[in-house]
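**Q** Sharing a structure here in structure tokens format.
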Amino acid sequence: MIYAKTHRLMHRESNRKWRVCSLMSIPAASARSDNRRGAMAVLLVLLLPAMLAIAAYCINIVYMELARTELQISTDVATRAAGRVLAVTGDQKLAISAADRFLQANPYMNQSISIGGADIVFGKSSRNAENERYLFSEAKNANAVSMRAFGDQDVPMLFPTLGVPVQFRPIKRAIATQVELDVAIVLDRSGSMAYGHDEVASRNPPASAPAGWKMGDPVPPNARWLDTVAAVNGFLDIMESSSHDEKVSLSTYSDKSSTDVKLSSDYSEIRNAMHSHSLRFKGGATNIGAGILEGGKALGDKKLARPWASRVLIVLSDGIHNTGTLPVPAAQQVAYEKVMIYTVTFSDEANVAEMETVASKGGGQHYHAKDAAQLADAFKQIAKSLPTLITF
């Protein structure tokens, strides 16, 4: 019992001493915490200038990249415009004027760019394989435009560097090339093409046909076919005046299709083949889908097609598909092989809506012609709108 009392007294004394020590340690801990906060404040004061300098540097870097991006966009747009005008007109002065207009219409960093702030060079751009880059060199017979743009004034940085204001002037370059083309022309030679553009095809002979005329005879003088031949000849004239080598094939279709001329740089073969059809016009039904597939096959000729060339198919129809392969699925199949499809409808009998869909599936454009003049203009417009690429 005496032991128990002694133990309780010792325990109470121990607790009293612990409470006293704890109360004495609180001010000491608080003092140490205050010391740490003071040290952190001093460290932040010392590091703040460095942190602000790093932030300013990062913002300046982003600002420079923004300026370069805006200048590259302006350069690309102006170069493409110059390349398009050069391809259509062949006039270098007009190409420079187009570049100047687009530069001024597309400023960068709120600064306008004029032709005085850019270098323009005309030349040749070509490649020998699909996986190679285009190589540009200055030349007189130009198919490409090279532009180096750098603006008229320096661009100030948003923040000074070490207290010193800094300016920079980005330089960007672009080359627009009228790419080499493999072109398949696909023409309708069905029976309705023997009639005039203002006639309705029927069982009766065409109005301009001589007495006793029948399919297999020379095509009548006012036939849609002859208007088509004239329009295609105009297209070939433009191709011949081009600054580089386009290969062209000719396929025709009625109820069946055939390739009359394989891909060739000798356009006289195409002219002769069309003339042969004119001398003995057989007619037949209208199998547009077969014609599209035939043209796609000509563009895929492994012996003659160039892997690095852009591929374009131009298909003409004057009527309504009425036999064989449907046109839209055929267009989708050909377009899958990276072929751009242009469509031309001729006369009021043509199924315009369907051929518009064919062009849409092929990533090209549709043209409708009501007469010979509009048809010739449609083929000229196609020749002048063939692909131009930014190649650098």
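**Q** Here are the criteria: (1) surrounded by fewer than 14 Cβ atoms within 10 Å (Cβ to Cβ); (2) on the phi < 0 side of the Ramachandran plot. Tell me which single one Ser208 does not satisfy.
**A** Going through the list (1) surrounded by fewer than 14 Cβ atoms within 10 Å (Cβ to Cβ); (2) on the phi < 0 side of the Ramachandran plot, Ser208 breaks only (1).
**Q** Output the residues belonging to the range 167-198 that are in a loop (DSSP other than H, G, I, E, B) and either without any contact (Cβ under 8 Å) to a residue 12 or more places away in the chain or of a type in the set (Lys, Arg) (or both).
**A** Arg169, Arg189
**Q** Looking only at the range 215-229, count every residue that is among the polar types (S, T, N, Q) and part of a loop (DSSP other than H, G, I, E, B) and tell me the total.
**A** Number satisfying all stated conditions: 1.
**Q** Is it the case that Glu349 is in contact (Cβ under 8 Å) with a residue 40 or more places away in the chain, in a loop (DSSP other than H, G, I, E, B) and more than 22 Å from Ser254 (Cα to Cα)?
**A** no
**Q** With respect to Gln365, determine if the residue is out of contact with any Cys (no Cβ under 8 Å at 6 or more places or on another chain), free of Cβ contacts under 8 Å to residues at least 24 places away in the same chain and either outside any loop (DSSP other than H, G, I, E, B) or not assigned by TED's automatic domain parsing to the domain that holds Ala230 (or both).
**A** Yes, satisfied.
**Q** Could you list, in sequence order, all residues of the range 305-348 that are polar (S, T, N, Q), touching a helix residue (DSSP H, G or I) at 6+ places or on another chain (Cβ under 6 Å), over 19 Å from Gln374 (Cα atoms) and modelled with pLDDT of 95 or more?
**A** Gln332
**Q** Right, here's the next one. Can you tell me which residues in the range 102-116 are exposed (fewer than 14 other Cβ atoms within 10 Å of the Cβ) and either farther than 21 Å from Met157 by Cα or of a type in the set (Lys, Arg) (or both)?
**A** Scanning the range 102-116 gives Ala105, Ser114, Gly116.
**Q** Related question: Looking only at residues that are modelled with pLDDT under 95 and surrounded by 15 or more Cβ atoms within 10 Å (Cβ to Cβ) in the range 239-253, which one is farthest from Leu326 (Cα to Cα)?
**A** Among them, the one singled out is Ser243.
**Q** Shifting gears a bit: Just checking, which of Ala81, Ala99, Ala129 is crowded, with 18+ Cβ neighbours inside 10 Å and in contact with a Phe, Trp or Tyr (Cβ under 7 Å, 6 or more places away or on another chain)?
**A** Selected residue: Ala81, the only one of Ala81, Ala99, Ala129 that is crowded, with 18+ Cβ neighbours inside 10 Å and in contact with a Phe, Trp or Tyr (Cβ under 7 Å, 6 or more places away or on another chain).
The values are calculated or read from the model by the stated rules, or taken from the named source; none is laboratory data. Remember, predicted model here, so these are calculated numbers, not experimental data. All Cβ positions, glycine included, derive from the backbone under ideal geometry; neighbour counts span all protein chains shown.
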